[in-house]
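*Asks:* Here's a structure for you.
Each reported figure results from applying straightforward, stated rules to the coordinates on display, with no laboratory input. All figures in this text were calculated on a predicted structure; none of them were measured in a lab. In this analysis, Cβ positions are derived from the backbone assuming ideal geometry, glycine residues included, and neighbour counts consider all displayed protein chains.
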Amino acid sequence: MTHFSRPCALVLAGTLGTLLAATPPAAAQQQAAPPPAAQQQAPPAAAAQQPAPLPPGSPLTGRPDTEAAKKLAPVAPPPVATAADKLPIDKLKTPKGFTIDLYASGVDNARTLRLGDKGTVFVSSRIKDKIHAIVEKGGTREVKVVASGLHRPNGIVLHKGTLYIAELSQISKIDNVEDKLDNPPKPTVIFSDLPKDEAHGWKYLTIGPDEKLYFQVGAPCNICMPSERHSKIYRLNLDGSGLEVVAHGIRQIVGMDWHPVSKQLYFTEHQRDWLSEDIPEDKLNRVTQPGKDNFGFPYCHQGNVPDPEFGWGRSCGEFTKPLTLLGPHAAPLGMRFYTGTMFPAAYRNQIILARHGSWNRTTKIGGDLVLVKLKPDGTFRSMEPFVTGFLQNNNYVGRPVDVLVMKDGSLLVSDDYNGAVYRVSYGPQRTARR
């Protein structure tokens with residue numbers, strides 16, 4: 001098995017050595033008693049008001065020191081899931097012939113959506129510690145907790161009855177999970193040698209046509225030179241063995257899916273912050289040369305913008321180009337190829353993609369679902385709005401995260417801001433609300 005290198009201890013040791021060398025001996029620190037309080041000078045006001053240092057990997061690292069930039073910060077969701085009668089469904093707009101309604105509420109910090117063989121919808125979280133299951137019985141839906149005490153359990157996928165869970169630094173599984181919803185066991189860890197960086201540490205998880213687990217290790221920063229174990233897509237055997245690199249040079253991914261015909265991996269990618277409000281744009285990519293593709297981080301952004309620090313001496317032409325750009329800081333997350341039959345034929349085998357929405361732009365964009373249409377060769381044709389309205393008057397009333405094609409062809413949408421899951425249908429088909 002390939003193991004990650006661990007350079008962090010060397011860096012820490014060097015840092016401590018530098019600090020100790022710069023610290024004078026105790027004798028040299030002994031000074032005469034300070035003057036009386038009346039003779040002491042108060043520290044300058046600027047020094048007294050120095051802001052607290054940011055934690056490692058903070059999204060605010062590198063924020064420009066301007067009044068406009070100081071107003072920009074990540075959007076915090078409400079502390080608890082929004083009640084069903086307070087959800088903003090009436091503000092959400094769909095194309096003619098489509099309907100969006102509530103599938104389930106009370107799914108705290110709803111993130112990745114996955115469907116079990118028996119119809120159970122599993123929902124992950126990122127900032128909470130739980131995995132939920134939505135079970136439908138007799139026309140009503142019940143939300144159950146199937147795993148708790150987890151750390152950043154954003155990535156989930158089901159395969160032949162087994163639920164795989166990607167936390168910050170490990171991957172685990174629950175076998176035959178739909179048979180154990182009333183008394184689920186503790187997940188069994190299959191791989192634990194993952195970095196523990198909080199910045200971009202949450203994972204997305206999928207199963208490839210080769211029946212291997214695919215996931216990413218994002219960059220531990222806004223912009224930096226990542227270590228050998230970061231900024232890559234990896235794959236594992238289902239038992240946790242055989243770690244391999246699939247792609248290089250990614251910053252952060254929170255959505256992947258496989259083309260129904262070519263079986264190539266497509267994924268969304270977030271680009272760096274604090275270069276500009278309008279550049280770089282986030283990307284939609286595909287892997288065409290597994291193990292060789294390099295998508296440019298930290299040297300090149302959006303396929304054609306060299307990084308002002310790390311791009312010196314490098315050319316954007318060295319790296320794999322994006323299929324298309326998705327908007328500056330629009331935060332594209334979950335994506336699925338639509339393989340159902342409920343929607344019109346124009347949607348078949350096209351991508352429906354959730355844009356969580358920007359936070360580091362004065363005028364926000366995103367907060368929507370878009371339809372990305374491809375040419376027969378799998379390259380980009382066009383992009384158009386699909387579900388809009390999560391962004392109202394430059395404020396979020398909801399934030400879409402992931403999408404899931406159901407067996408009847410309808411589409412589920414998770415909203416981590418409100419802790420809810422919505423259902424998009426076409427035509428007269430309707431299901432019972434929770």
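*Asks:* In nm, give the distance between the simple-model label positions of Phe380 and His151, each being 7 Å from the Cα along the Cα-to-Cβ direction.
*Replies:* 3.7 nm
*Asks:* Could you give log10 I(q)/I(0) at q = 0.34 Å⁻¹ for the stretch 116-157, computed by the Debye formula over C-alpha point scatterers of equal weight, without solvent?
*Replies:* Ignoring solvent entirely, the Cα scatterers give -1.16.
*Asks:* Quick check: Cα centre of the stretch 132-170 to Cα centre of the stretch 400-420, how many Å?
*Replies:* 14 Å
*Asks:* When the chain is fully extended, how far beyond the present Cα-Cα distance does Lys292 get from Asp182, taking 0.36 nm per residue of separation?
*Replies:* Here the answer is 35.1 nm.
*Asks:* What is the helix-to-structure angle for 8-22, meaning the angle in degrees between its Cα long axis and the longest Cα principal axis of the chain, kept from 0 to 90 and rounded to the nearest 10?
*Replies:* 20 degrees
*Asks:* OK, next. Counting Lys +1, Arg +1, Asp -1, Glu -1, what net charge surrounds Ile207 among other residues with beta carbon under 14 Å of its beta carbon?
*Replies:* Overall, the nearby charge balance is +3.
*Asks:* OK, next. Which of Gly340, Gly249, Gly366 moves the most in a Gaussian network model of the chain with Cα springs under 10 Å?
*Replies:* Judging by the Gaussian network model, the answer is Gly340.
*Asks:* Where does each of 375-386, 211-222 land if you order them by average Cβ count within 10 Å, highest first?
*Replies:* Put in order of decreasing packing, that is 211-222, 375-386.
*Asks:* Another question about this same structure. Pairs of alpha-carbon atoms within less than 8 angstrom and 6+ residues apart define the contacts here; what relative contact order does the stretch 216-262 have, in percent?
*Replies:* Working: 58 pairs, mean separation 16.6, N = 47.
Over the stretch 216-262, the number comes to 35 percent.
*Asks:* Net charge near Ser148, counting Lys/Arg +1 and Asp/Glu -1 over other residues with Cβ under 13 Å of its Cβ?
*Replies:* On the way: positive: Lys128, Lys130, Lys144, Lys186; negative: Asp108, Asp129, Glu167.
Taking every Cβ under 13 Å from that of Ser148, the sum is +1.
*Asks:* Net charge around Ile165, counting only other residues with Cβ within less than 10 Å of its Cβ (Lys, Arg = +1; Asp, Glu = -1)?
*Replies:* +1
*Asks:* When the chain is modelled as a GNM with alpha-carbon springs shorter than 10 Å, which of Ser231, Ser172, Ser262 fluctuates the most?
*Replies:* Sorting by GNM fluctuation, first place goes to Ser262.
*Asks:* Taking the Cα-to-Cβ direction at Ala73 and at Asp117 and moving 7 Å from each Cα, how far apart do the two end points lie in nm?
*Replies:* It works out to 4.8 nm between the two label points.
*Asks:* Points 7 angstrom from Cα along the Cβ direction at Lys96 and Gln264: gap in nanometres?
*Replies:* 3.5 nm
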